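The values are calculated or read from the model by the stated rules, or taken from the named source; none is laboratory data. Bear in mind that the values here come from a model prediction, so they are computed numbers and not experimental data. Here the Cβ is made from the backbone with ideal geometry for all residues, glycine too, and neighbour counts use every protein chain on show.
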Amino acid sequence: MSTRAFDAFRVRLSVRQRTQARQGFVPLAKPSREVQSSADLGGDFPGVSINEGAQGLVTSDLSNNEEAVKIKVRALAPGFARNEGDSLSMPVTSGFRLTPNFASLSQRRQPVELIAFTTIDDTYRIKLPPGAKVVSAPVPVEQTSPFGSYSVKVEQTRGEVIVKSKLSVKVPRIEPADYQAWKRFCEEADSAFSPRLLVKP
């Protein structure tokens, strides 16, 4: 992602996601995939527009249930960053959150099924224009629990910030007796992924 023009961001995004079950999954035709991908990316990149042509959207073999899903996107995202005072704030981790999806209740009497989720592995590479300064960035963290693990790694070099985040869930089901511990894991993982990158032009 480049911040060369502060009103629009060029995006090159690579996503790799492995799930425990894809049985019954029917891949969409390419035009439908482009529409669905634009909708899915819209949460993290408001107003995103995927580039036209064969390189705009490239996927792995979505008909292969044994292969991890891989998606490469080239697009323009005019709403990627938002103004905060005299700085720009941008998300540099996945917008997916565990708590609202799998731990929103205060307690459970029934198990939580996680069969379709295991790992999200993201890398954000932000190229800054000359003179831009990083005000704040996500805090590096690495935690492991019986439910899974999460990590955030941040690298800063001259003119570039690289943020790598990974979220893994290794259990397919949460029993009611384990729900409170699971809920804490979800909240802590979500908190680790919440800080944004703040850049001053």
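Somewhere in segment 146-158, is a residue aliphatic (A, V, I, L, M), closer than 30 Å to Lys72 by Cβ and not assigned by TED's automatic domain parsing to the domain that holds Lys70? So far as segment 146-158 goes, yes, one or more of its residues are aliphatic (A, V, I, L, M), closer than 30 Å to Lys72 by Cβ and not assigned by TED's automatic domain parsing to the domain that holds Lys70. Applying the set (1) touching a residue at least 40 places away in the same chain (Cβ under 8 Å); (2) surrounded by fewer than 13 Cβ atoms within 10 Å (Cβ to Cβ) to Ser165 leaves exactly one unmet item: (2).
Residues are listed down the side, and each one gets a yes or a no for (1) within 28 Å of Pro201 (Cα to Cα); (2) in a strand (DSSP E or B):
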residue: Thr123; (1), (2): yes, yes
residue: Ile126; (1), (2): yes, yes
residue: Pro130; (1), (2): yes, no
residue: Tyr150; (1), (2): no, yes
residue: Lys153; (1), (2): yes, yes
residue: Gln156; (1), (2): yes, yes
residue: Val161; (1), (2): yes, yes
residue: Lys166; (1), (2): no, yes
residue: Val171; (1), (2): no, no
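Would a scan of segment 78-101 turn up a residue that is in the same structural domain as Ser149 (by TED's automatic domain parsing), assigned to a loop (DSSP other than H, G, I, E, B) and of a type in the set (S, T, N, Q)? Checked against the condition, which is being in the same structural domain as Ser149 (by TED's automatic domain parsing), assigned to a loop (DSSP other than H, G, I, E, B) and of a type in the set (S, T, N, Q), segment 78-101 yields at least one hit.
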